[in-house]
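For reference, the structure is listed below as structure tokens.
Every number here is computed from the coordinates shown, using simple stated rules; none is lab data. Fair warning: this is a prediction, and the values are worked out from it, not measured in the lab. Methodologically, a virtual Cβ is constructed for each residue, glycine included, from the backbone with ideal geometry; neighbour enumeration extends over all protein chains shown.
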Amino acid sequence: MTAVPILSRTQARDTRRAVVYTVLRPIQHNRAMQPTDVRISQLIPPPSRPFADPIKLKRHGPFDWNKYTPIIVETDGMHFWIMDGMTRVENARRAGVTVLPAYVFPRK
């Protein structure tokens, strides 16, 4: 049986950040990729987080195009699943925005 290390809250948080950074880093530095406009009505939230965190919504304030960065979605050609940006989507929806720029990747 393999021993599983027990992490403190800080270690667990830092580990999650490292994993997310490692996964998203190629996307952030890929200057050739251009965002595509996606209708908010077509977006499907991830099953693990079907709604935006109310605390984050309050902390980020109202939607502002000057602060906005494109969301990340996956598609099978018909549906778009949100991979990153649930809070931005909800803030935009509340502000009446109907189309958002997104980095779109094929679903595996």
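With each pseudo-label sitting 7 Å past Cα toward Cβ, what's the Thr36-Arg107 distance in nm, one decimal?
1.3 nm
Compute the signed sum of charges (Lys and Arg +1, Asp and Glu -1) over the other residues within less than 12 Å, Cβ to Cβ, of Pro101.
Net charge around Pro101: +1.
Which order do the peptides 68-77, 81-90, 34-43 come out in when sorted by mean C-beta neighbours inside 10 angstrom, highest first?
81-90, 68-77, 34-43
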